[in-house]
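**Student:** Let me give you the structure first, and then I'll get to my questions.
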Amino acid sequence: MQLSQIVCQETLSANQTDIYLRLNKGTPFLIEAERMSAKMPYLGTESIDYSFEAGHGWVKTGSGEITDDQTIFESNTTSTQSIKLTPVTGTAVNAQKTSLSLDYSDQRHIRLWAYADPANINNLSKFEVMYCTGAATYSYDFLPTLKLKNPCIITIAKPDFFKYLEPNWANIDRIIIKVTANAEVTGSVWVDNLGWQKPKPTKGKIIIRFDDGLKSVFSTAAASMMNWGVTGCCVVTPARVGINENYMTLDDLSTLKTRGWDISSHSFDHANNATFGDKAFSYCYNDSKATQNWLLEKGFTNGARFHAFPGNAHNSNTLLATSQIFTLINSGVIGHETLPWADGILLKRLSGDLKTAAELNAYADVCAANKTLAIIYFHNIVLGGASYTTDPAEFVSFISTLGARNDVDVITYSDLLDTTYIATR
Ligand SMILES: [Zn+2]
């Protein structure tokens, strides 16, 4: 679907979870379906180790029940059932698989589908998945993520697991799914399709992002990047485009787009410096829609698919609103991050503010060594050493090094979505 085909939206209520777009001469189109189709090349490479079909062999320990459930499971897969875990009040129930001999050293991100009964999700205190080597464990509590989005396909990179003693990903002998209830109450969690996602790509990938649409990006950064054929992504606020000499004009942005850059959303006006951490669904939905409409009207069709929150501030409502409008939201929320968590040394979104060329080159070194994705974000490329600035000489030096190396690709969000299988969760 071309976003430019969108002509209007259906009426919306705050608790509506499926939002349709009416296409020109077309049938209503579910946005979530577009997000899923965008994810399919990546998701198609997932390995599902446990789909919990009949005869799955997971056994119960602890107090409570684990049952096969054929009414609630992950749809759009070959799955026909899930396992449902219901602890006795105030206790924990485990589903476990023992006597394993598994080597996960080449895998990157665990994935699983989960659902909790909304009526009693707050009765639960933990929903953990544990990978064990003897008594040593890697564990992670997925309950906070599930409270943000339910049901949810959850992905976590290995370095984000909590480590107890010295487990070894190359020698996993037991896996435990554990649900714990608060005192005198209980609830249920359904789990389906536990597995892993695609291993590392053949090269590191770097996205260079500029926030806020500042003039120095065009006047200073872009020139050096064009010399090396390196493209970037600008997340802009329409209300500030060309507003004074500190901001890029529409012509500037159009020139960058022609050069292969993405021009994307950073909210309509930076929310007047208030945060999306305390905004309502409807405010964020309308703000995001207006921003996307502006991007489409100005011809930034590819970039209109992407959004970054100002200050990375968000809550479950604003996250839901943006996820229904944009295809990728680089939100930085575990389990909702639409880009993969890089690993190695927990290389994730990286600030380029106040960094030297040597520090920026070191980011690229790690990205190349681990063959992972890094997003380096900048603001103002000016002298002076103030917050949110990067010294132009340091930036240009970094670009000249980056442009000459062949062990990392510099890509845009569009490249990521349209031409790589690296990830689009
Ligand atoms: Zn910003």
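The values are calculated or read from the model by the stated rules, or taken from the named source; none is laboratory data. Quick caveat: nothing in here was measured; it's all calculated off a predicted structure. Note that each Cβ is placed from the backbone with ideal geometry, even for glycine, and that neighbours are counted across all protein chains shown.
**Student:** What residue, among those in segment 208-252 that are touching a residue at least 40 places away in the same chain (Cβ under 8 Å) and either on the phi > 0 side of the Ramachandran plot or not assigned by TED's automatic domain parsing to the domain that holds LYS371 (or both), is surrounded by the most Cβ atoms within 10 Å (Cβ to Cβ)?
**Tutor:** Top of the filtered list is GLY213.
**Student:** For segment 355-425, please list each of the helices (runs of 4 or more DSSP H) lying entirely inside it that holds at least 2 residues being of a type in the set (Ser, Thr, Tyr) and under 17 Å from the mean Cα position of the chain (by Cα). Give the derivation first.
**Tutor:** Working: elements: 357-370, 392-404, 413-419.
Helices (runs of 4 or more DSSP H) meeting the threshold: 413-419.
**Student:** Continuing with the same structure: Under the condition of being within 16 Å of the ligand (Cβ to nearest atom) and out of contact with any Gly (no Cβ under 7 Å at 6 or more places or on another chain), which residue from segment 210-220 is nearest to ARG405 (Cα to Cα)?
**Tutor:** Per the stated criteria, the residue is VAL217.
**Student:** Which of the residues spanning segment 194-249 are within 13 Å of SER264 (Cα to Cα) and in a helix (DSSP H, G or I)?
**Tutor:** Once the filter is applied, which keeps residues that are within 13 Å of SER264 (Cα to Cα) and in a helix (DSSP H, G or I), segment 194-249 yields only PRO238.
**Student:** All but one of (1) on the phi > 0 side of the Ramachandran plot; (2) crowded, with 21+ Cβ neighbours inside 10 Å hold for TRP113; which doesn't?
**Tutor:** Condition not satisfied by TRP113: (1).
**Student:** Further question on the same structure: Would you check which residues across segment 233-255 are within 15 Å of the ligand (Cβ to nearest atom) and either aliphatic (A, V, I, L, M) or closer than 30 Å to ASN406 by Cα (or both) and list them?
**Tutor:** CYS233, CYS234, VAL235, VAL236, ALA239, VAL241, ILE243, MET248
**Student:** Can you work out which of the residues in segment 291-300 that are in contact with a strand residue (DSSP E or B) (Cβ under 8 Å, 6 or more places away or on another chain) and outside any loop (DSSP other than H, G, I, E, B) is nearest to the ligand (Cβ to nearest atom)?
**Tutor:** Filtering segment 291-300 for residues that are in contact with a strand residue (DSSP E or B) (Cβ under 8 Å, 6 or more places away or on another chain) and outside any loop (DSSP other than H, G, I, E, B), the one nearest to the ligand (Cβ to nearest atom) comes out as THR291.
**Student:** Name the single residue that is farthest from the ligand (Cβ to nearest atom) among those in segment 256-290 being assigned to a helix (DSSP H, G or I), without any contact (Cβ under 8 Å) to a residue 40 or more places away in the chain and among the polar types (S, T, N, Q).
**Tutor:** THR258
**Student:** Scan segment 316-358 for residues that are modelled with pLDDT of 80 or more, small (Gly, Ala, Ser) and either at positive phi or not assigned by TED's automatic domain parsing to the domain that holds ASN380 (or both) and report the count.
**Tutor:** Adding up the residues that qualify gives 0.
**Student:** Also, I was wondering about something else. Could you list, in sequence order, the residues of segment 372-394 that are more than 30 Å from ASP106 (Cβ to Cβ), out of contact with any Ser or Thr (no Cβ under 8 Å at 6 or more places or on another chain) and within 16 Å of the ligand (Cβ to nearest atom)?
**Tutor:** Matches in segment 372-394: ALA386, SER387, TYR388, THR389, THR390.
**Student:** Would you point out which residue out of GLN107, GLN96, GLN81, GLN70 is without any contact (Cβ under 8 Å) to a residue 24 or more places away in the chain and assigned by TED's automatic domain parsing to the domain that holds ASN171?
**Tutor:** Exactly one of GLN107, GLN96, GLN81, GLN70 is without any contact (Cβ under 8 Å) to a residue 24 or more places away in the chain and assigned by TED's automatic domain parsing to the domain that holds ASN171, namely GLN70.
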